[in-house]
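**Q** Handing you a structure now.
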Amino acid sequence: MPTTPEGFTKRTERLRADLVEQGRRVQAMVEASFEALFGRDEAKGKRVAAMDDAIDAADVVLEKACVLLLCDATQEGSELGDHQLRTILTIVKVNNELERIADAGVDVCDLVSKISGGGPAFPGTFSVMANSVVGILRDVTTSVSRNDPALAKVVLQSQHTVTAFKSAILRDAEEQIAKGKMPVDFAFLLHEVASQCELIADHCTNIAEQIIYLTTGAVVKHLESAWVEQPGRG
């Protein structure tokens with residue numbers, strides 16, 4: 001398709017649709033990875049981890065399509081506006097963040113084998129943290145599909161909740177170990193999964209920042225314990 005204004009718009013819309021589909025694919029995988037973990041289902045964990053192959057393939061296809069569109073526009077001498085160029089770059093950046101979220105999902109799946117034979121019950125706070133992360137991922141995927149900066153801002157604020165959950169889980173684990181009520185190996189596993197949850201939330205906030213910048217021009221920075229919105233383009 002030629003890179004006329006209409007052709008560029010159609011190709012961009014197709015890329016955005018593919019990005020949204022990738023987001024939903026990653027969301028489904030992360031949800032399933034936590035289901036495998038809490039169900040201590042090693043077989044399911046392996047099946048879910050295998051979903052990453054399709055995600056990796058889609059990641060490559062989408063990035064190549066973005067590069068091809070920009071190359072076509074350059075070769076044909078098309079004049080791209082700031083928003084057009086920013087849209088393509090945002091798609092590339094968000095696509096990369098989604099792929100990293102999927103990698104974290106694989107890491108969660110890899111931990112299932114350590115508890116498939118049984119062990120202590122997961123703390124209640126732990127499942128709440130995992131559900132919070134799934135909710136954050138769901139919200140950021142929706143913000144991408146709608147180009148919704150308001151929902152993206154909700155995602156930014158939610159990150160602090162995940163960090164607080166992780167701190168509470170680790171403090172509780174230390175106390176349980178000291179009392180002899182939790183095996184050290186299980187505490188280490190909780191720490192690993194909590195770290196993956198925090199990592200997923202971090203990638204989600206990176207995506208949220210991109211959506212806010214794309215739609216409003218504002219640059220969002222994390223300063224100490226708060227998010228600060230700074231004016232961007234005019």
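**Q** Among the residues of region 160-194, write down those that are basic (Lys, Arg) and surrounded by fewer than 18 Cβ atoms within 10 Å (Cβ to Cβ).
**A** The answer is Arg171, Lys179, Lys181.
**Q** From Ser143, Ser127, Ser116, which residue is touching a Leu at 6+ places or on another chain (Cβ under 7 Å), among the small types (Gly, Ala, Ser) and either at pLDDT below 95 or part of a helix (DSSP H, G or I) (or both)?
**A** Of Ser143, Ser127, Ser116, the one residue that is touching a Leu at 6+ places or on another chain (Cβ under 7 Å), among the small types (Gly, Ala, Ser) and either at pLDDT below 95 or part of a helix (DSSP H, G or I) (or both) is Ser143.
**Q** From Gln75, Gln84, which residue is at pLDDT below 95 and surrounded by fewer than 17 Cβ atoms within 10 Å (Cβ to Cβ)?
**A** Gln75
**Q** Scan region 60-68 and give yes if some residue there is of a type outside the set (Gly, Ala, Ser) and in contact with a Gly (Cβ under 7 Å, 6 or more places away or on another chain), otherwise no.
**A** No.
**Q** Also, quick follow-up: Does Ile115 satisfy the criteria of being within 15 Å of Val20 (Cβ to Cβ) and touching a helix residue (DSSP H, G or I) at 6+ places or on another chain (Cβ under 7 Å)?
**A** no
**Q** Of everything in region 139-194, what is in contact (Cβ under 8 Å) with a residue 12 or more places away in the chain and over 22 Å from the mean Cα position of the chain (by Cα)? Give them in sequence order.
**A** Within region 139-194, Ala168, Leu170, Asp172, Ala173, Glu174, Met182, Pro183, Asp185, Phe186, Ala187 meet the criteria.
**Q** Here is a list: Val60, Val20, Val30, Val48. Which entry is exposed (fewer than 13 other Cβ atoms within 10 Å of the Cβ), at pLDDT 95 or above, out of contact with any strand residue (DSSP E or B) (no Cβ under 6 Å at 6 or more places or on another chain) and within 20 Å of Glu99 (Cα to Cα)?
**A** Result: Val60 is the single residue among Val60, Val20, Val30, Val48 that is exposed (fewer than 13 other Cβ atoms within 10 Å of the Cβ), at pLDDT 95 or above, out of contact with any strand residue (DSSP E or B) (no Cβ under 6 Å at 6 or more places or on another chain) and within 20 Å of Glu99 (Cα to Cα).
**Q** Can I ask one more? If you check Ala49, Ala54, which single one turns out to be among the hydrophobic types (A, V, I, L, M, F, W, C) and under 23 Å from Asn206 (Cα atoms)?
**A** It is Ala54.
The values are calculated or read from the model by the stated rules, or taken from the named source; none is laboratory data. Note that the structure is predicted; figures quoted are calculated from it, not measured. Neighbour counts are summed over all protein chains in view; Cβ atoms, including those assigned to glycine, are modelled from backbone coordinates with ideal geometry.
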